[in-house]
Amino acid sequence: MARRTAAGQSRARGSIEALPSGALRVSVYAGIDPVTGRRHYLKEIIKAGPKAQREAEAARSRLLAEVAAKRSPRTSATVDQLLERYLDQFAGSPTTLDLYRTHVRNHILPVLGHVKVGQLDAEILDSFYGELRRCRRRCSGRRTIEHRVAEAHECDGRCVPHQCKPLAVTTIRHIHFILSGAYKRAVRWRWLAVNPMAQAEPPAAPKPNPQPPSAAQAARIVTESWSDPDWGALVWTAMTTGVRRGEMCAVRVSSVDLDGGRETVWLRRAIRREPGAGWIEADLKTHQQRRIALDAETVEVLRRHIERLRARAAALGLEYRTDGYLFSGSPDGSTFLTPDSVTQRYDRMVKRLGIETTIHKLRHYSATELIAGGVDPRTVAGRLGHSGGGTTTLKAYTAWVSEADQRAAKGLGAGMPQRPADVAEPDRIRAAPRFPYQVVAAAIARQITEGVLAAGDAAPPAAELAARHEVSLATAKRSLVLLTEWGLLERLGHDVLRVAAPPSAPAAASASTELPSTSMPRAALLSLTVRRHGTTVAQFSTVADPTNGSDLYQVLAAAVARAGAETGQIGEYEMDVRLPSESAALLTFVASGWTS
């Protein structure tokens, strides 16, 4: 057997070296550093004093024991190096990786990046988390000014005194998860023998607080969204299915099955932002496809939506692609909506309504309505695509829609607010014009409707409209073109327009509170159309007595409540009463003169 050299024996026993300051440096050989490939030594400094030699001997014995038991760190690498290698091998989604790199760059590296992996312990981590809970900038506590730019400048109102703001609990927990994942890899790579993250305690997770919109708020949101039927169909479908916004944007027409007995939407892909590539179509968040059963009302919403898409494409000489996106900004469905644009439009809509909510809370609305209806959590988890909190019942694309899911769809449809009726585009523009040329056209249309301009009268010249409404001549001409498209004006010559004669139509039913009692059925199935200021807000059927004013008042009051309005506003509504087999109205009911 070969003899161990003196140098080898010295490395095995460790060494104690005196420093010029009188302190002692203990050094123990711990093998080859797997990161640098160099010899790795465990070192410890003992302060000068009468007991320094004894303490150095004890430290050397302790370090030798750790090396012998393989409990010592095998590398002098820093936390910065560990995180860099860990994130380079990260197997999660690109979005999650980008988020982790942001947290590492902003919060971890400035404080812990220089610390050796073997020196990080629970005490350092608890102090680090405590600082983040106190101030996200980890300030010194002194009064400072937060300047608008880092360069030299003249301070103004944008340079304000610093105010400590704690980092969000969720973000601190993300930081803990990043470090935990990295140190698990370090132990597996045998950089360390003990994982210090097992003894650290991150802040407790915040308690779930879904805060879904109330039934009245949901009714107002649906009613407002239906000013654009395409947007209304998206909001309605998100509310009934509870799908994520990225999943909704990626649904294709071919993934929607509206055949009787198997009404489902098949979720296979999602739209997400990938760093460096922008918005792309990728796998679902849980990498697990699923089918969601649709209730009868949602089936009708999507059937009409698809018919509109195909009719619009045909009018432009195009064909709506069978694999086109269900919600698209292109006439042929070739492009998808981006999740951020959907969120921004939804935020603007609820802000107009004065409702504090987000589009993500439509998932909470769907879940709470299902659970309140007695649906088991396992089925709810399957519909929402949750990977935890219940085993999903809808897995791959071949999965069968369970009976429980069918009951869930029917129960959710019954609890949804009344869906507004589709409104023709001219009626939508006249009720709520958005652009200057639409405003001018709506004003001329009102004059024609009110009889200020009669059939055969010459239309106001474009120059006169431009001066009266303070718009450009091109805008005034565009408004006249729009009125011609509506059929309110007809062209006689190049620049000669006149008011068109109204089309012949059957006489309207009398809007009176006097209900005739003859030639009318009693307690029959009635088709009812509710309007507010001339705009249709609801269409539905119910059994009622058309000769009983109190019955009709109760039906109208219930429709007004479903529309999200107060009972005191019932005077602003009117209701056409028809038999299902008849096109003409039996009567138009208004609330004045009747009481509940």
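Output the residue which, of all residues in segment 246-258 that are within 12 Å of PHE336 (Cα to Cα) and not hydrophobic (A, V, I, L, M, F, W, C), is surrounded by the fewest Cβ atoms within 10 Å (Cβ to Cβ).
Here the answer is ARG252.
Working carefully through the options SER472, SER402, find the one that is surrounded by fewer than 17 Cβ atoms within 10 Å (Cβ to Cβ), modelled with pLDDT under 85 and either touching a Ser or Thr at 6+ places or on another chain (Cβ under 8 Å) or outside the structural domain of VAL537 (by TED's automatic domain parsing) (or both).
One residue alone meets the criteria, SER402.
Would you confirm, using the coordinates I've provided, whether CYS139 is of a type outside the set (S, T, N, Q) and out of contact with any Pro (no Cβ under 9 Å at 6 or more places or on another chain)?
yes
Just a yes or no: is a residue in segment 362-373 aromatic (Phe, Trp, Tyr) and not in a loop (DSSP other than H, G, I, E, B)?
yes
Being over 24 Å from THR95 (Cβ atoms), among the small types (Gly, Ala, Ser) and surrounded by fewer than 21 Cβ atoms within 10 Å (Cβ to Cβ) is the requirement here; does GLY278 meet it?
no
Can you find a residue that is closer than 17 Å to SER254 by Cβ and either modelled with pLDDT under 90 or among the aliphatic types (A, V, I, L, M) (or both) anywhere in segment 296-305?
Scanning segment 296-305 turns up at least one residue that is closer than 17 Å to SER254 by Cβ and either modelled with pLDDT under 90 or among the aliphatic types (A, V, I, L, M) (or both).
Can you tell me how many residues within segment 170-218 are closer than 30 Å to MET349 by Cβ and without any contact (Cβ under 8 Å) to a residue 60 or more places away in the chain? Show your work before the answer.
Within segment 170-218, the subset closer than 30 Å to MET349 by Cβ is 170-171, 206-218.
Cutting the leftovers down to without any contact (Cβ under 8 Å) to a residue 60 or more places away in the chain gives us 170, 206-209, 214.
Residues in segment 170-218 being closer than 30 Å to MET349 by Cβ and without any contact (Cβ under 8 Å) to a residue 60 or more places away in the chain: 6 in total.
Which condition from (1) modelled with pLDDT under 80; (2) more than 30 Å from PRO460 (Cα to Cα) is the one that GLY493 breaks?
So the condition that GLY493 fails would be (2).
Evaluate segment 258-270: report whether one residue or more is in the same structural domain as GLU224 (by TED's automatic domain parsing) and within 15 Å of the chain's Cα centre (by Cα).
yes
Starting from segment 295-321, keep only residues that are within 14 Å of VAL265 (Cβ to Cβ), then list their pairs with residues that are of a type in the set (Lys, Arg) and part of a helix (DSSP H, G or I) whose Cβ atoms are within a distance under 6 Å, requiring at least 6 positions of separation or different chains.
Here the result reads ASP295/LYS410, each pair linking segment 295-321 to a residue that is of a type in the set (Lys, Arg) and part of a helix (DSSP H, G or I).
From the list ALA432, ALA454, exactly one residue is touching a residue at least 12 places away in the same chain (Cβ under 8 Å), surrounded by fewer than 18 Cβ atoms within 10 Å (Cβ to Cβ) and within 29 Å of the chain's Cα centre (by Cα). Which is it?
From the options ALA432, ALA454, the qualifying one is ALA432.
Quick one: which helices (runs of 4 or more DSSP H) lie wholly within segment 1-102 and hold at least 1 residues that are modelled with pLDDT under 85 and of a type in the set (Ser, Thr, Tyr)?
Filter on segment 1-102 gives 6-13, 52-68.
Can you pull out the residues in segment 121-163 that are outside any helix (DSSP H, G or I), under 21 Å from LEU109 (Cβ atoms) and not acidic (Asp, Glu)?
Selection gives CYS135, ARG136, ARG137, ARG138, CYS139, SER140, ALA150.
For segment 221-258, which positions are small (Gly, Ala, Ser) and part of a helix (DSSP H, G or I)?
Initial filter on segment 221-258 (small (Gly, Ala, Ser)): 225, 227, 232-233, 238, 242, 246, 250, 254-255.
Correct list: SER225, GLY232, ALA233, ALA238, GLY246, ALA250, SER254, SER255.
Just to be sure before I move on: is PRO166 assigned to a loop (DSSP other than H, G, I, E, B) and surrounded by fewer than 16 Cβ atoms within 10 Å (Cβ to Cβ) in the structure I sent? Full working, then the answer.
Details: assigned to a loop (DSSP other than H, G, I, E, B): yes; surrounded by fewer than 16 Cβ atoms within 10 Å (Cβ to Cβ): yes.
The answer is yes for PRO166.
Consider PHE327 against the criteria (1) of a type outside the set (Lys, Arg); (2) at pLDDT 90 or above; (3) part of a helix (DSSP H, G or I): it satisfies all of them except one. Which criterion is unmet?
Failing condition for PHE327: (3).
Working carefully through the options HIS153, HIS114, HIS107, find the one that is surrounded by 15 or more Cβ atoms within 10 Å (Cβ to Cβ) and on the phi < 0 side of the Ramachandran plot.
Result: HIS107 is the single residue among HIS153, HIS114, HIS107 that is surrounded by 15 or more Cβ atoms within 10 Å (Cβ to Cβ) and on the phi < 0 side of the Ramachandran plot.
Out of the residues in segment 437-451 meeting the condition of being in contact (Cβ under 8 Å) with a residue 12 or more places away in the chain and in contact with a Leu (Cβ under 8 Å, 6 or more places away or on another chain), tell me which one is surrounded by the most Cβ atoms within 10 Å (Cβ to Cβ).
Step by step, filter segment 437-451, then rank; the result is ALA441.
Can we say ARG173 is touching a Ser or Thr at 6+ places or on another chain (Cβ under 9 Å) and within 25 Å of ASP98 (Cα to Cα)?
no
List the strands (runs of 3 or more DSSP E) inside segment 523-596, counting only whole elements, that have at least 2 residues being at pLDDT below 85 and of a type in the set (Ser, Thr, Tyr).
535-544
Determine, yes or no, whether LEU284 is over 30 Å from GLN119 (Cβ atoms), among the aliphatic types (A, V, I, L, M) and assigned to a loop (DSSP other than H, G, I, E, B).
So LEU284 fits the description; yes.
The values are calculated or read from the model by the stated rules, or taken from the named source; none is laboratory data. Since this is a predicted model, take the numbers as computed values, not measurements. Reconstructed Cβ throughout: ideal geometry from the backbone, glycine too, with neighbour counts over all protein chains shown.
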